[in-house]
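Encoded as structure tokens, the structure appears first; notes follow it.
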Amino acid sequence: MIGDKVLIFEKIDSTNEYIKKNYQQLNNGTVVVAIEQTAGKGRKGRSWISPKGGLWFSIFIKPKNLKSAFFFTKLSSVTLIKVLKKYKINAQIKWPNDIFVNGKKLAGILTEGIYENSKPIALVIGIGININNEIPDELKNKAISLSKILQKNLHISGFLKLFLKRFNSYYLKYRKAPHTLTKVWKKNLIIKEGELIRYKNENYIIEKIENDYIIISNEVEKKKIFSIHELEWEENSGN
Ligand code: BTN
């Protein structure tokens, strides 16, 4: 089971990097946790600030189907939404996989491939959740922590336990039904197919939401959008 083995480090550069460097010694399903990351990585080459108090962890997984990276990213975001419900928090997924609460980012996911001779052989799913950590002033309008939302500190290990339990049960449930997982993922997205959206000051309808792009259209044209930042769906949506 995923998380049967959990390695905890006081301070490392990045749990994703640790797995990418040491995967040959790790069993499938190993989870690596860092109390603090000194070089946490975000998507698109961004850095991920990871002080004490947050939950920074990565899962090493050797799936049968290595084209399934996005399946695991969706599985992680849908699991996070479900676990947050246990804390009475209604979170949503900002496409493709950021976890948002009231217009602010609570958690992020970075899934990476591990390659041997240019062939993918395994995946690392890196998850960062602002739990009790202080959000730096310059990010306070963009990011939030669970302790800020709930006005109390939480047990970080308790959150991880709940996450892993749900992740395993959803994995069993959805691995044979990835389309059902996609449906659940779409249901939890902030923007939805069929909704109106603004793009370059024009109105469009969201026709289709895919893993890597969104198709929008109006009477004049159809467009493929690759970054959520190009779209506006409401005033002050903070996207
Ligand atoms: C993002 O939203 O940009 C993704 C953030 C992913 C951060 C996590 S923290 C644990 C793991 N280790 C890393 O270096 N990054 C991921």
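The values are calculated or read from the model by the stated rules, or taken from the named source; none is laboratory data. Computed from a prediction, not measured in an experiment: that's the story for all the values here. Cβ sites come from the backbone with ideal geometry, for glycine too, and all protein chains shown count toward neighbours. Each accessible area value is taken on the protein alone, full model and side chains, heavy atoms only, with ligands, DNA and RNA left out. Shrake-Rupley method; radii C 1.70, N 1.55, O 1.52, S 1.80 Å.
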| query | To the nearest 10 Å², what's Val6's accessible area with a 1.4 Å probe? | reply | 60
| request: With viscosity set to 1.306 mPa s and temperature to 10 °C, compute the Stokes-Einstein D of region 6-187, Rh being the Kirkwood radius across alpha carbon pairs; µm²/s, no decimals. | output: 96
| message | Under the 0.36 nm per residue contour assumption, what length would be gained going from the current alpha-carbon distance of Lys64 and Arg175 to full extension? | response | 38.9 nm
| Ordering of 129-136, 182-189 by burial proxy (mean other Cβ atoms within 10 Å per residue, highest first) | 129-136, 182-189
| task | Please list the non-local residues whose amide H lies under 5 Å from the amide H of Ser50, H modeled 1.01 Å from N, same-chain partners needing a gap of 5 or more. | result | Gln37, Gly40
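Tell me the carbon and sulfur percent of the accessible area for the chain, rounded to whole percent, probe radius 1.4 Å.
Details: 6330 of 13020 Å².
That fraction is 49 percent.
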| Which of Tyr171, Asn203, Gly103 sits farthest toward the positive end of the charge dipole of the chain, with +1 on the Cβ of Lys and Arg and -1 on the Cβ of Asp and Glu? | Tyr171
| Using alpha-carbon positions, what is the distance between the centroids of region 150-185 and region 194-216, in Å? | 28
| Note, ³J(HN,Hα) from phi for region 95-104, Karplus 6.51, -1.76, 1.60, rounded to Hz, x at Gly and Pro | 3, x, 7, 8, 9, 10, 10, 6, x, 10
| Each residue of region 188-197 in turn: what ³J(HN,Hα) in whole Hz from Karplus with 6.51, -1.76, 1.60 and θ = phi - 60°, glycine and Pro shown as x? | 9, 6, 5, 9, 10, 4, x, 8, 7, 9
| task | Determine the calculated [θ] at 222 nm for the chain from helices alone, applying -39500 (n - 2.57) to every DSSP H run no shorter than 4 residues and normalising by the residue count; nearest 500 deg cm²/dmol. | result | -8000 deg cm²/dmol
| field | Alpha carbon centroid spacing (whole Å) that separates region 89-109 from region 1-40 | value | 23
| note | Per DSSP, the loop-located GluC sites (Glu not before Pro) within region 174-239 having at most 15 other beta carbons within 10 Å are Glu193, Glu195, Glu210, Glu219, Glu221, Glu234, Glu235
| Rg to Rh for region 184-233: what is it, with Cα atoms only and Rh by Kirkwood? | 0.93
| note | Once phi for every residue in region 29-44 is put through the Karplus expression 6.51 cos²θ - 1.76 cosθ + 1.60 (θ = phi - 60°), the whole-Hz ³J(HN,Hα) values, with Gly and Pro written as x, are x, 5, 10, 10, 10, 10, 5, 9, 10, 8, 9, x, 10, x, 6, 6
| task | Determine the dipole magnitude for the chain: charges of +1 sit on the beta-carbon of Lys and Arg, -1 on that of Asp and Glu, nothing else is charged, the reference point is the Cα centre, and the result goes in debye to the nearest 20. | result | 980
| query | What pairs in Lys62/Lys119; Lys5/Lys119; Lys85/Lys105 have C-alpha atoms more than 18 Å from each other? | reply | Lys5/Lys119
| said: Could you tell me how far the Cα centroid of region 116-133 sits from the Cα centroid of region 63-78, in Å? | reply: 11
| query | Can you tell me the accessible area per residue over the chain, all protein chains present, probe 1.4 angstrom, in square angstrom? | reply | 54
| request: May I ask which residue of Ser77, Asn117, Ile89 lies farthest towards the positive end of the charge dipole of region 75-120, with charges of +1 (Lys, Arg) and -1 (Asp, Glu) on Cβ and the Cα centre as origin? | output: Ile89
| message | Take the residue pairs Lys11/Lys173; Lys21/Lys44; Lys187/Lys208; Lys20/Lys173 and return only those whose Cα atoms are more than 24 Å apart. | response | Lys11/Lys173; Lys20/Lys173
